[in-house]
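Report on the following structure.
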Amino acid sequence: MLTVEKIGGTSMSALKEVIDNIVYFERSGEQLYNRVLVVSAFSGVTNLLLENKKTGAPGVYHHIVKHEDFHTSLGEMVSKLKSINQQYADLGLDLVIADTFISEHVAKAQKYLENLVNILASGYVSREGILQAAREILASIGETHSAFNLTNILKSRGLNARLVDLSGFDDQRPFTIDQRIKDAFAQIDLKSCICIVTGYAKGTEGIMREFDRGYSEVTFSKIAEILKPEEAIIHKEYHLSTADPALVGVDNVQPVGYTNYDIADQLADVGMEAIHPKASKPLEINGINLRIKNTFEPGHPGTLITREYISSVKRVEVITGMDKLIMIDVYDPLMVGNVGSDLQIMQLFFQHGVSYTFKTTSANSISIAIWESDFKQELIDDLQAGFMKVTVEPVAMVCLLGTNMDQPGLLAKSTTALAKNDISIISAGVALRKVNIQFLISREHFKAAIVALNKALG
């Protein structure tokens, strides 16, 4: 059957396991083909090109933003990529060809970037547009590098591997991303080859403009939407588990097994992405099932995400959360009976481009939780101008997620587990469909809360 598969950056860095556990595992002959593998850059590479996703440490891109010389850092990047090449020589990578390829590819990127910098310096064009183009060019380098290397290795082993480079470096045709994907696959006989595809795709709309660092999953999703595989698969370095093993211990979790796209959205909303929410929608709409697999446990079926799945047993499927939220409480005694207070607050959130992940109300107050990274003092200032009192407090959230967990006593059992561990609940919320029960707590209690709930409900 045709499959479209995405391989994450951490998995790609374990390239031997990718080859043994994904490409060849329990396959031979024609079974090796009719597969499309969409690859991320090797672990850490995009962080060096753009910025560290977790810490924000600057990469090559920020030299361009600050009008600094970027050639030295880009040259260091080439050396880094060649040192990565050395790690895979034993797997069959032709170092001469691989090193030459990346040198020439980055040289092209450097010329493009120099032209952008010169145009930017003229002051005649939009700074935002130029910097966005620079960001796209830099991002594409990582995926082009990893895709080329994997293709080269597989060819050296006798496979009919086809590199599908969607970065469009030498292609000036004004394609949208969808058009570029369709053009790239138009003449490929998928049944007789294995395609290795760059996670970055060039398009007139700019894939990073809307999705930024989630772009490789968007490319994967768009390819699946166009090719209509029997199954889409994401290979990660871990299972989609009932809780975070780093918090509760490996022996205290298990793979989820089955869930639906609604729960995948709930996970993304609290930062535990099975898949980028904007990447999941085309799969869900087109009825394409998504499987999350562990690269390092190839014999395990992983977790299957479908559109229709509802657990036949009432259960909590995932216990998760996040510890970097800000609670904004807006109080005004004139709210009671007043139509439009909520609308007024939401309009301010919209104007400042701030989304929320939790909201609850009382007669005279509305409490809203947002990501700490989205906090803007200007929003608080505007809220204070319109309402009597605005309180800001750092909080954490723990969540119970499940497709069928509407069982008597679940809320009582959960709050009892927290109370027994001296964890106070600041606020709580559950919508009518009961797929996500949320508790806001102090940040210092986050890990203890996850462990307590997992022990009581897992």
Among the helices (runs of 4 or more DSSP H) contained in the stretch 138-250, which hold 1 or more residues that are among the small types (Gly, Ala, Ser), under 29 Å from residue 32 (Cβ atoms) and without any contact (Cβ under 8 Å) to a residue 60 or more places away in the chain? 177-185
Counting only residues that are of a type in the set (Val, Ile, Thr) and over 10 Å from residue 363 (Cβ atoms), which one in the stretch 326-342 is surrounded by the fewest Cβ atoms within 10 Å (Cβ to Cβ)? 339
Residue by residue through the stretch 54-72, note down the ones that are out of contact with any strand residue (DSSP E or B) (no Cβ under 9 Å at 6 or more places or on another chain) and either assigned to a helix (DSSP H, G or I) or surrounded by fewer than 19 Cβ atoms within 10 Å (Cβ to Cβ) (or both). 54, 55, 56, 60, 63, 64, 67, 68, 69, 71, 72
Residue check, residue 423 of a type in the set (A, V, I, L, M), crowded, with 16+ Cβ neighbours inside 10 Å and within 25 Å of the chain's Cα centre (by Cα): no
Testing residue 70 on (1) among the hydrophobic types (A, V, I, L, M, F, W, C); (2) within 26 Å of the chain's Cα centre (by Cα); (3) under 17 Å from residue 133 (Cα atoms), one condition comes back false. Which one is that? (2)
Within the stretch 363-406, residues of a type in the set (S, T, N, Q), more than 30 Å from residue 261 (Cβ to Cβ) and open to solvent by 70 Å² or more (accessible area, probe 1.4 Å) come out as 377, 384
May I ask you to say which residue of 305, 288, 275 is open to solvent by less than 40 Å² (accessible area, probe 1.4 Å), in a strand (DSSP E or B), touching a residue at least 40 places away in the same chain (Cβ under 8 Å) and within 24 Å of residue 213 (Cβ to Cβ)? 305
List every residue pair whose Cβ atoms lie under 8 Å apart, where the two residues are 6 or more positions apart in sequence or sit on different chains, the first residue falls within the stretch 15-32 and is under 15 Å from residue 294 (Cα atoms), and the second residue, located anywhere, is open to solvent by 50 Å² or more (accessible area, probe 1.4 Å) and assigned to a helix (DSSP H, G or I). 15/87
Would it be correct to say that residue 24 is farther than 24 Å from residue 201 by Cα, among the aromatic types (Phe, Trp, Tyr) and open to solvent by 10 Å² or more (accessible area, probe 1.4 Å)? yes
How many residues does the stretch 26-53 hold that are part of a loop (DSSP other than H, G, I, E, B) and among the aliphatic types (A, V, I, L, M)? 2
Residue list for the stretch 323-336, filter: modelled with pLDDT of 95 or more and either within 14 Å of residue 372 (Cβ to Cβ) or of a type in the set (Val, Ile, Thr) (or both): 325, 326, 327, 328, 330
Taking the conditions exactly as written (at pLDDT 95 or above, of a type in the set (A, V, I, L, M, F, W, C) and under 30 Å from residue 257 (Cβ atoms)), does residue 419 satisfy them or not? no
Name the residues in the stretch 343-362 that are open to solvent by less than 40 Å² (accessible area, probe 1.4 Å) and within 23 Å of the chain's Cα centre (by Cα), would you? 354, 357, 358
So residue 292 fits all but one of (1) at positive phi; (2) at pLDDT 95 or above; (3) within 15 Å of the chain's Cα centre (by Cα); what number is the exception? (1)
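Among the residues of the stretch 251-270, write down those that are in a loop (DSSP other than H, G, I, E, B) and open to solvent by 50 Å² or more (accessible area, probe 1.4 Å).
Within the stretch 251-270, 254 is the sole residue that qualifies.
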Scan the stretch 136-145 and give yes if some residue there is among the charged types (D, E, K, R) and open to solvent by less than 10 Å² (accessible area, probe 1.4 Å), otherwise no. yes
Restricting to the stretch 222-240, what's the tally of residues that are touching a Pro at 6+ places or on another chain (Cβ under 8 Å) and at pLDDT 95 or above? 3
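The values are calculated or read from the model by the stated rules, or taken from the named source; none is laboratory data. Please read these numbers as outputs of a predicted model, since none were measured by experiment. All Cβ positions, glycine included, derive from the backbone under ideal geometry; neighbour counts span all protein chains shown. Ligands, DNA and RNA are excluded from the accessible area calculation, which covers all protein heavy atoms including side chains. Shrake-Rupley method; radii C 1.70, N 1.55, O 1.52, S 1.80 Å.
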